[in-house]
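All of the numbers you see were taken from the coordinates with simple rules; none came from a lab. The model shown is predicted, which means the values in this text are computed figures rather than measured ones. Cβ atoms come from the backbone with ideal geometry, glycine included; neighbour counts cover every protein chain shown.
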Amino acid sequence: MFDINKFLGMVPNASEHGKLVDVLLAVCHWFMLFLFVGWSIFFIYTLWRFHRSRNPKADYHGVQSKASAHLEFTVVVIEAVLLLGFAMPIWAKRVNGENYMNNANSLRVHCIGEQFGWNFHYAGPDGVFARTNPAFISSNNPLGIDPNDPAGADDYYSRNEIHLVNNRPTVIEITSRDVIHSFALKHMRMAQDAIPGSRIPIWFKPIRAGEYEIVCAQLCGSGHFGMKGKMVVEDQKTFDAWQKDQMDLAHPAAAAAPAPAAAAPAAAPAK
Ligand code: CUA
């Protein structure tokens, strides 16, 4: 069947809820096309019907029939049913993120936009994010993770590359370090403005492994065009291996030290 979304340049869907978004988009596009054609025909008809040559004398009374009033009232009723009966309940369901926010299995990532790139902060295996404070920002601590917070011992970060687990509920909390950006995951049918001072969550479930593009969808400065990133959706095992690499990079001392069990006896005599 002819896919109007694809025709208009929509990329393939890779999220669980994306199918519904695509259906809604397709319905809207077809309906708008129908309205456009219908009103265009009506416009041309009125040019012909009310042309000066057909109406040499002006009609000062206008339409006498009540048909248009009834028609307009019917349109208002139909639109009220669509809005109150369908649009609002469907939207309420979509914005209710309880199944994601209160789900212990959800993968949580903090996303921090800046001119011009995306930073991702992961909590590590303990699932607890360390405190961050701009005062701690340095070249080897780009997110300002508080070194005194024990929760940060397994935190790690990546730049312009986010890794997600296929079929796992995902919550990304988005903020910005400078101006307003927009974190757009077209394949996930998701976009959210990144606003300094706010941490705004989005949630979805990836259903197709692969590599996808992240774009900034808000004009944010001279480098806006280059504010792109990569989203990798992979299985849990591949993700765990990537996570370990990132932790070793973020905590070189812990990576170099032998396993804690072996280290304990050796460390004792040294003190
Ligand atoms: Cu950031 Cu455009």
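Modelled spin labels at residue 90 and residue 36, positioned 7 Å past Cα toward Cβ, are 2.1 nm from each other. The angle between the Cα long axis of helix 18-49 and the longest principal axis of the Cα atoms of the chain comes to about 20 degrees, rounded to the nearest 10.
For residue 115 paired with residue 244, estimate the spin-label separation in nm (one decimal), with each label point 7 Å from Cα along the Cα-to-Cβ line. Placing both labels 7 Å beyond Cα along the Cβ direction yields 4.1 nm. Would you calculate a helix-derived [θ] at 222 nm for the chain, using -39,500 (n - 2.57) for each DSSP H run of n ≥ 4 and dividing by the full residue count, to the nearest 500? About -10500 deg cm²/dmol. Where the centroid of each part is defined by its Cα atoms, how far is region 49-103 from region 2-24 in Å? That distance is 26 Å.
Averaging 1/r across all pairs of distinct Cα atoms in the chain and inverting the result yields a Kirkwood radius of 23.1 Å. In summary, the convex hull built on the alpha carbon positions of region 1-86 has an orientation-averaged projected area of 9.4 nm².
Across all C-alpha atoms in region 156-265, the radius of gyration and Dmax reach 16.9, 57 Å.
Once you wrap a convex hull around the alpha carbon atoms of region 161-221, what is its projected area averaged over all directions, in nm²? It would help to have the intermediate numbers written out before the result.
Numbers: hull surface 16.5 nm².
Averaging across all directions leaves 4.1 nm² for the Cα convex hull.
Counting pairs on different chains as well as pairs 8 or more places apart, how many Lys pairs in the chain have Cα atoms under 18 Å apart? So the count of such lysine pairs works out to 11. In region 87-215, Rg over Rh equals 0.96, where Rg is the alpha-carbon radius of gyration and Rh the Kirkwood radius from pairwise Cα distances. Lys/Arg Cβ at +1, Asp/Glu Cβ at -1, dipole of region 17-128 taken about the Cα centre: which of 125, 23, 78 is farthest positive-ward? Highest projection toward the positive end goes to 78. When the Cα gyration tensor is reduced to axis lengths a ≥ b ≥ c, the ratio a/c is 1.5 or higher for region 126-184, and with a/b not above b/c it is classed as oblate.
Pairs of Cα atoms nearer than 8 Å and 6+ residues apart set the relative contact order; for region 151-210 it is 39 percent.
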